[in-house]
Every structure is written in C-alpha cells, then in structure tokens.
Amino acid sequence: MGAAEPVVIEVGDVHVELRGAVDRIDEDGAGRAVVIDYKWSKKSSFSKLDDRIATGVDLQLPLYALAVEQRLSRRVIAAGYLTLKDSGERWLRLSPEAPGGRYDVNWEDDRDERMAAFQKLVVARDADIRSGRIDIAPLDRNKCAFCDFADLCRIAEVPRVSVPRVSVPK
Ligand code: SF4
C-alpha cells in the first residue's frame, strides 16, 4: 500500500491527514489483515513498545492498522515490526487471533477505546505543531541520528534531560 492516499484521523471537527507506506500486508483465512513493517534493527530496540505507543513516541503500528482498515476496508488483527538483524517480532495485537503473545502490546480486549485514545493523541500532537509549539525536545533522542533535518536543528546545543511522560488524552 503506497503513500499517495492519506490516512484520515477525525476527532470532533478536527481532521488530520497522514501519509506513509506499508511494507507488507498478509491475510488470514478469514480475509483479515496482518500489517508488517520491516526494521533494520533488533527486537530489543522495541522493548518498551507499549510505552512508546502510549506516549506518542511510536505512532507507526496503530497508524498503519488504521490506514489498512480505512483504505482497504479490512479488519486488521495485528500490526508488527519484523526486525531483520535478529529475525525478531514485536506486535501490536488487535485481536485474540493475532500473532505474538503476552509480551507484545495487547489491545485485543479494548481495541476501539485504545484506537480512539490514540487518535486523540495524534490530534493533540498536530495541534501542538500548528500552534508553533515545536520545542527542541525529542522524546527519543536516538532518532536524531537518522533525521533529515539534523543539519538545520540546534539539538546539539540542548542538554540531555529526561522528558516527562505524556499521558494519552481520554
Ligand atoms: S535532529 Fe532535531 S529535528 Fe531532527 S529529530 Fe532530532 S530534535 Fe527533531
């Protein structure tokens, strides 16, 4: 699935469009989708995936699940990272039939509530950016090594501090 058409998030009268490209979509025997993203890394890179999704550091898996459900009209039972350096897997499980297990991120019991909260989080982040609140305070400073805008950014002048945890809005 390509990046041409956006995934649309609507909360109240706020409408946010995001674009991305899904690496792979598998289908189970019932026509439900399993969304996969390949990562050139190790499984340990995603050891706190639950927290990273809840705090908005890692938006990718729930966004891909939403995109596939919106654009392909397929129920998504899981979205996951396959890590190529160690053949690992980390899953966001959205159904009891999902791959993975208890050490993955499990939303199967309350997926609709979790997805609704996630969409509120995306809208809140979008509002922050539009209001000009773009602090030089990345939640995950390790990502700066791969940033296309690093030459323009003053991150090197900012001391390393711990970033307070941000709650998903209810
Ligand atoms: S280098 Fe700057 S713009 Fe890029 S991710 Fe880090 S803080 Fe953000």
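Each value in this text was obtained by applying a stated rule to the coordinates, not by laboratory testing. What you are looking at is a predicted structure, and each value in this text was computed from that prediction instead of being measured. Cβ sites come from the backbone with ideal geometry, for glycine too, and all protein chains shown count toward neighbours.
Between VAL57 and ALA30, the simple spin-label model (points 7 angstrom out along Cα→Cβ) gives 3.3 nm. Rounded to the nearest 5, the antiparallel percentage of DSSP beta bridges internal to the stretch 50-152 is 75%. Computed over the alpha-carbon atoms, the chain gives an Rg to Rh ratio of 0.96, Rh here being the Kirkwood radius from the mean inverse distance. The number of Lys pairs in the chain with C-alpha atoms less than 14 Å apart, excluding pairs fewer than 8 positions apart on the same chain, is 5. Of VAL35, VAL14, VAL122, the residue with the greatest mean-square motion in the GNM of the chain, using alpha carbon springs below 10 Å, is VAL14. Taken as Cα centroids, the stretch 89-110 and the stretch 6-36 sit 17 Å apart, rounded to the nearest whole angstrom. Among GLU27, GLU97, a tally of other beta-carbon atoms within 10 Å of each Cβ gives an order, fewest to most, of GLU27, GLU97. The residues neighbouring SER95, those whose beta-carbon lies less than 9 Å from its own, together hold a net charge of +2 under the Lys/Arg +1, Asp/Glu -1 convention. Helix 111-130 sits at what angle to the longest principal axis of the chain, using alpha carbons and giving 0 to 90 degrees rounded to 10? Taking Cα atoms only, the helix is inclined about 30 degrees.
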